[in-house]
Amino acid sequence: MPSIITHAAVPLALWCAADRGRIPPRLLGAGVIAAMLPDADVLAFALHIPYADAFGHRGASHSLLFACVLAALAAVLAFFGSRRPGSAPLSSGSRQPWLAVLCQPRLASTVQAAAFVFVCAASHPLLDALTSGGLGVALAWPWSEHRFFAPWRPIRVSPFAPQFFSARGLATLLSELRWVWLPLAGAVIAWKLIHPAPAAPRDLS
């Protein structure tokens, strides 16, 4: 796996690339958590669950289904958390057209939250698949327990915690800097150059 710190690179890059305020701090925090959460499965080692087991490291928590579950949870929290104080819920007899309902900012923020969290969570196994060691990732679980690796694996696999603060850990961080942080920073800069932020409206008063 890349180090836990580097998994936060994807949500941070998306936040930097987005227009100011497009990704609120709470959503950014949720994205960072979603990007790191799959590695909670290292607890499997303490529980004596084999690495290659479906619930071992890089197993079920590294699947696209797990990313979908996190996205659905984010959508629910965003939907109910975006209600403004004093706003009345739509009654069952409301005649408001469905198109108007779908265009409401509340639904738009819900979809944005789900999409952002899904991308952040799915980025974790995809980055793991680019590493040079360990087992592959169970992207298709529960339909398949096959462990996938990318055809090209340039990222040095990270050692576990006891060995992280060592020469091997330093080599891992340098590899992640080269293959994750710098490319993402370059992509953000290129995006900003191609899509500059809209100019703030002038105050003519």
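Coordinate-derived values only; no laboratory data. Just so it is clear, the structure is predicted and the values come from calculations on it, not from any experiment. Note: ideal-geometry Cβ built from the backbone for every residue, glycine included; neighbour counts use all protein chains shown.
Around Cys16, with a cut-off of 12 angstrom between Cβ atoms, what is the net charge of the other residues, counting Lys and Arg +1 and Asp and Glu -1? All intermediate terms of the calculation are to be shown ahead of the outcome.
On the way: positive: Arg20, Arg22, Lys192; negative: Asp19.
The answer is +2.
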**Q.** Efficiency of FRET from Cβ geometry, Leu47 and Ser166, R₀ 25 Å, rounded to 0.05
**A.** 0.45
Q. So what's the Cα pair-distance distribution over segment 1-78, bin width 5 Å, in %?
A. 3, 15, 21, 21, 19, 11, 6, 3, 1, 0
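Would you mind classifying segment 1-40 by shape? Square roots of the alpha carbon gyration tensor eigenvalues, ordered a ≥ b ≥ c; an a/c under 1.5 is rounded, otherwise it is prolate if a/b is larger than b/c and oblate if not.
Working: a/c = 4.09, a/b = 1.88, b/c = 2.17.
In terms of gyration-tensor shape, oblate.
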(Q) Could you give the length gained by full extension between Asp19 and Trp152, i.e. 0.36 nm per residue of separation minus their alpha carbon distance, to one decimal place? (A) 44.6 nm
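Taking the Cβ-Cβ separation of Ile5 and Phe79 as r and a Förster radius of 35 Å, what is the calculated FRET efficiency to the nearest 0.05? Working shown, then result.
On the way: r = 31 Å, r/R0 = 0.88.
Calculated transfer efficiency: 0.70.
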(Q) Could you check the spin-label model distance between Trp191 and Phe55? Points 7 Å from the Cα along Cα→Cβ, value in nm. (A) 3.6 nm
Q) Listed highest first by mean packing, meaning other Cβ atoms within 10 Å per residue, what order do 186-196, 132-142 come in? A) 132-142, 186-196
